[in-house]
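All of the numbers you see were taken from the coordinates with simple rules; none came from a lab. In this text, all values refer to a predicted model and were calculated from it rather than measured experimentally. Ideal geometry is used to build each Cβ from the backbone, glycine not excepted, and the neighbour counts take in all protein chains shown.
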Amino acid sequence: MKVHHASVTLQGEERVEITDVTKLVRTAVHDSGIRCGIAIANALHTTCALFINEFQSALVDDLTALVDRLVPSAGGYRHDDPRYSDCERGNADAHLRTALLGRSIALGVSEGDLVLGRFQSIIFAELDGPRQRAIDVQIIGE
Amino acid sequence: MKVHHASVTLQGEERVEITDVTKLVRTAVHDSGIRCGIAIANALHTTCALFINEFQSALVDDLTALVDRLVPSAGGYRHDDPRYSDCERGNADAHLRTALLGRSIALGVSEGDLVLGRFQSIIFAELDGPRQRAIDVQIIGE
Amino acid sequence: MKVHHASVTLQGEERVEITDVTKLVRTAVHDSGIRCGIAIANALHTTCALFINEFQSALVDDLTALVDRLVPSAGGYRHDDPRYSDCERGNADAHLRTALLGRSIALGVSEGDLVLGRFQSIIFAELDGPRQRAIDVQIIGE
């Protein structure tokens, strides 16, 4: 039984940008040499999301529209008001969207690979970029 | 320390159908012989959800009504529009509802059983059925 | 490789109350003696949430306002109607808000500590208190 620790970094170009990071996480699993176990991946931030869904461009548009509707950018948030917060980015929308989408995944590893369904991709959603971001990956197994 | 891998399959009868799958996941834990560790379970799909809550029929109705209100079935989604997607199921609603509810759980295992609170059930929400579905279960521990 | 199991208890004072529990979970990791691996933490309830975000008071207000807007307290829920449920607390709002926010985290452990980004806190959201609550923590690694 062993533990493997990896860090994946990403650099986006837009404020909101949705990326398929399956290959990056899969590579960390391959590098680990672990054949059977568990992999977890965590975005080490509070204004970007990490989750699993189908990565299809029209669906990505729908997902962006959904979080924009549920959590409007101009929502009169206190976190964006200098009277209540010293955050100067005006990014409450990104924090709240992250709370709805999640920023962590836990997957099985079997036969040396991630256990993913046919249409499943690991999706990273930058919600307050462009910034450099880190995803922490831990794999445990044998 | 050992790793146990199991696959649970489900076959529903309705497009939207919410089921208590606690026993199915619990059986996988018992079969593993692992007494203390971690269990993760992942639905291997992108249009059904897996999460923990109380399984009470009126609450299940409330949950269905909530996702229907937040993500209406007829939402004019691009994923459902043949100009932007070759998906013929018109199931963007199911993808987006899955993004809100989650499709993965991670639980402790102690004394050979899942660590669940008194009112907690593992709930599978079919959101684009009826279909056969698979839940991947990985248990690691000793 | 070893497994460490801990239970963290909390007692709030309000119906809705959001608390930074990072230190409590971190202490469980330190107590385990595990240097490298995975930690998972689960709230053993269905009306309180556990997730990671920035713990900043104005943002906490925004988060409370968001769930209040998406899941109003007086939503005409069936779970709150004695014709359909024997729950006497009228707490459907708390169940549904928990379904949106999540009640479980999975984190890496490295160099004997939780792997958290600079602005990340582990946040416990009591949504139907005041009550005594338990968080189950499992740590696995070496």
Problem set entry | A:ASP81-C:ASP113 pseudo-label distance in nm [points 7 Å out on the Cα-to-Cβ vector] | 3.5
For this session: Neighbouring Cβ atoms within 10 Å as the yardstick, rank C:ASP62, B:ASP136, C:ASP20 fewest first.
Result: C:ASP20, B:ASP136, C:ASP62
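If each residue's Cβ is checked for other Cβ atoms within 10 Å, how do A:ILE18, B:ILE139 rank with the fewest at the top? Spell out each step's value before the answer.
On the way: A:ILE18 20, B:ILE139 26.
Lowest to highest Cβ neighbour count: A:ILE18, B:ILE139.
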Exercise. Sequence-distant or interchain residues sharing an amide H contact under 5 Å with C:ILE122, placed H: which?
Worked result: C:VAL21, C:THR22
Exercise. To one decimal in nm, how far is C:GLN11 from the same spot in the other copies, if labels go 7 Å from Cα toward Cβ? Please give the shortest first.
Worked result: 5.3, 5.3
For this session: With the cut-off at 18 Å, report for segment B:39-142 the share of all Cα pairs above it, as a whole percent.
Result: 55
Seminar exercise, completed: at A:THR64 the sorted inter-copy label distances (label 7 Å from Cα on Cβ side), in nanometres, are 3.4, 3.4
Seminar exercise, completed: Working note, segment B:8-68: Cα radius of gyration (Å, one decimal) and Dmax (Å, whole number) are 13.7, 40
Seminar exercise, completed: The long-range amide H neighbours of A:LEU50, using H built 1.01 Å from N in the peptide plane and a cut-off of under 5 Å, are A:ARG103, A:SER104, A:ALA125
For this session: Would you mind pulling out the separation of the Cα centroids of segment C:84-115 and segment B:35-84, in Å?
Result: 16
For this session: Report the GluC sites (Glu not before Pro) located in segment C:1-105 that are in a DSSP loop and have at most 10 other Cβ atoms inside 10 Å of their Cβ, or state none.
Result: C:GLU13, C:GLU14, C:GLU88
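Return the inverse of the average 1/r over all pairs of distinct C-alpha atoms in the protein assembly as shown, which is the Kirkwood hydrodynamic radius, in Å to one decimal. Don't skip to the answer; put the middle values down first.
Details: mean 1/r = 0.0467 Å⁻¹.
Hydrodynamic radius (Kirkwood, Cα pairs) of the protein assembly as shown is 21.4 Å.
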For this session: Give the angle, between 0 and 90 degrees and rounded to the nearest 10, that separates the Cα long axis of helix C:92-101 from the longest principal axis of the Cα atoms of chain C.
Result: 40
Problem set entry | Karplus-derived HN-Hα couplings along segment B:28-38 (A = 6.51, B = -1.76, C = 1.60, θ = phi - 60°), whole Hz, x at Gly and Pro | 4, 5, 4, 4, 6, x, 7, 9, 8, x, 9
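Rounded to the nearest 500, what is the protein assembly as shown's calculated 222 nm mean residue ellipticity when only DSSP H runs of at least 4 contribute -39500 (n - 2.57) each, over all residues?
Details: 9 runs with 105 residues, N = 426.
So the calculated ellipticity at 222 nm is -7500 deg cm²/dmol.
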Exercise. Whole-Hz Karplus ³J(HN,Hα) for segment C:130-137, in order, using 6.51 cos²θ - 1.76 cosθ + 1.60 and θ = phi - 60°, x for Gly and Pro?
Worked result: x, 8, 7, 10, 10, 10, 8, 10
Problem set entry | Helix axis angle, B:57-70 relative to chain B longest principal axis, alpha carbon, degrees | 50
Problem set entry | Within chain A, percent of DSSP bridges classed antiparallel, to nearest 5 | 95
Exercise. What lysines sit close enough to A:LYS2 to cross-link, taking a C-alpha to C-alpha distance under 20 Å and skipping anything fewer than 8 places away on the same chain?
Worked result: B:LYS2, C:LYS2
For this session: Quick one: with label points 7 Å out along Cα→Cβ, list the inter-copy distances for B:ARG26 in nm, shortest first?
Result: 3.7, 3.7
